[in-house]
Amino acid sequence: MKKSLANVQARRADIERLVDRHGIATVKGLALRLKVSEITIRRDLKILHAMGRVKWHNGLVEAIAGQGGGEQRTLAVIAQRIAAAVPNYIARYSTLFMNANSLCLQVINELAKIPVTVITNNPCATACARHEGTKIMITGGRVSTKKSVLAGSVTLNFLSSRIADVTVIGCDGISVDGGLTSSNAEAAAIDSMMVTKAKKCVICLADYRKIGATQQYHIADLGMVDVLITDSFADEAVLQQARRKGINVIQVTVW
């Protein structure tokens, strides 16, 4: 699944580069250039068009003027929408574990209307907007060279002595077979403890790139997740499998 997902993402990136370079292309031309079927190209174009990354009409594919950095803009919109959906599942005065994923910083900003207690290993959380009754607790620990977050035994010991109502966690991959995974061993250990120490609910945040992907380090089995918040471009087959496991899957719309 990981290899297949990576191939799809790489092919769609190639389509965008080709269209951007030439300004206009045809389905047949893209299929010949990328050595795949026209059906495959049409499937990719349906997604890219819906994401606002290319124009596709009357059999022609066109670049969008000023689209440079279009993928990053799309991902920024997705991140904002995913974060904005989290407060629907958080009660006032809840205690929350949040990992160091950048999405969680946006979630803290979105929770500014209600008082909560946030426990996190991301020191940047202290700069987030928050309700006057909100408390931000930083775990302590060694500053990791990866993303300048806190990790190590001090972080794990801090978390081991605490329990949260809800854990909100971003991950690098989520799949049926692999569960929640991370590309970083230290982050995986911290995230795993946050998941197991949640009393009421585990909320996983993942954009379409992470759905169906499996990274090297295991965080938790998929069955530990209560709510998965992703976007409308995520692989529907994977989401259906998650629903069959009893997970409440929320897909935010982007455009």
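The values are calculated or read from the model by the stated rules, or taken from the named source; none is laboratory data. Small disclaimer: the values here were computed from a predicted structure and weren't measured. Virtual Cβ from ideal backbone geometry, glycine too; neighbours counted across all protein chains shown. Calculation scope for accessible area: heavy atoms of the full protein, side chains included, ligands and nucleic acids excluded. Shrake-Rupley method; radii C 1.70, N 1.55, O 1.52, S 1.80 Å.
Do we have any residue at all in region 144-158 that's of a type in the set (S, T, N, Q), over 17 Å from the mean Cα position of the chain (by Cα), at positive phi and at pLDDT below 95?
The answer is yes; a qualifying residue exists.
Please verify whether region 78-91 includes one or more residues that are assigned to a loop (DSSP other than H, G, I, E, B), within 16 Å of the chain's Cα centre (by Cα) and not aliphatic (A, V, I, L, M).
no
Condition check: modelled with pLDDT under 95 and either under 17 Å from Asp226 (Cα atoms) or among the hydroxyl-bearing types (Ser, Thr, Tyr) (or both). Does Asp165 satisfy that?
Working: modelled with pLDDT under 95: no; either under 17 Å from Asp226 (Cα atoms) or among the hydroxyl-bearing types (Ser, Thr, Tyr) (or both): yes.
Criteria not met by Asp165.
Please verify whether region 203-219 includes one or more residues that are open to solvent by 10 Å² or more (accessible area, probe 1.4 Å), in contact (Cβ under 8 Å) with a residue 40 or more places away in the chain and aromatic (Phe, Trp, Tyr).
Yes: region 203-219 contains one or more residues that are open to solvent by 10 Å² or more (accessible area, probe 1.4 Å), in contact (Cβ under 8 Å) with a residue 40 or more places away in the chain and aromatic (Phe, Trp, Tyr).
Looking at (1) more than 22 Å from Ala6 (Cα to Cα); (2) touching a helix residue (DSSP H, G or I) at 6+ places or on another chain (Cβ under 8 Å), which is the one condition that is false for Cys171?
Failed condition: (1).
When the residues of region 126-155 are filtered to those that are of a type in the set (A, V, I, L, M) and assigned to a loop (DSSP other than H, G, I, E, B), which remaining residue is surrounded by the fewest Cβ atoms within 10 Å (Cβ to Cβ)?
Among those residues, the one meeting the criterion is Ala129.
Within region 12-56, can you find the residues that are open to solvent by less than 20 Å² (accessible area, probe 1.4 Å) and either part of a loop (DSSP other than H, G, I, E, B) or of a type in the set (S, T, N, Q) (or both)?
Met51, Arg53, Val54
Just a yes or no: is a residue in region 110-125 in a loop (DSSP other than H, G, I, E, B), within 14 Å of Asp191 (Cα to Cα), open to solvent by less than 50 Å² (accessible area, probe 1.4 Å) and of a type in the set (Val, Ile, Thr)?
no
Take the residues in region 159-172 that are over 13 Å from the mean Cα position of the chain (by Cα) and in contact (Cβ under 8 Å) with a residue 24 or more places away in the chain; name whichever of them is surrounded by the most Cβ atoms within 10 Å (Cβ to Cβ).
Checking each candidate, the answer is Thr167.
Please go through region 186-222 and give me each residue that is assigned to a strand (DSSP E or B) and under 23 Å from Ala91 (Cβ atoms), ordered by number.
Answer for region 186-222, where residues must be assigned to a strand (DSSP E or B) and under 23 Å from Ala91 (Cβ atoms): Ala198, Lys199, Lys200, Cys201, Val202, Ile203, Cys204, Leu205, Ala220.
Every residue in region 226-248 that is under 17 Å from Asp172 (Cβ atoms) and of a type in the set (A, V, I, L, M), please.
Of everything in region 226-248, those that are under 17 Å from Asp172 (Cβ atoms) and of a type in the set (A, V, I, L, M) turn out to be Leu228, Ile229, Ala234, Val238, Ala242.
Of the residues that sit in region 173-186 and are within 15 Å of the chain's Cα centre (by Cα) and open to solvent by less than 40 Å² (accessible area, probe 1.4 Å), which one is farthest from Val149 (Cα to Cα)?
Ser175
What's the total number of residues in region 223-244 that are at pLDDT 95 or above, open to solvent by less than 30 Å² (accessible area, probe 1.4 Å) and either over 20 Å from Ala100 (Cα atoms) or part of a strand (DSSP E or B) (or both)?
The number of residues fulfilling the criteria is 6.
Within region 57-86, how many residues are more than 28 Å from Asn109 (Cβ to Cβ) and either in contact with a strand residue (DSSP E or B) (Cβ under 7 Å, 6 or more places away or on another chain) or modelled with pLDDT of 90 or more (or both)?
Total satisfying the criteria: 5.
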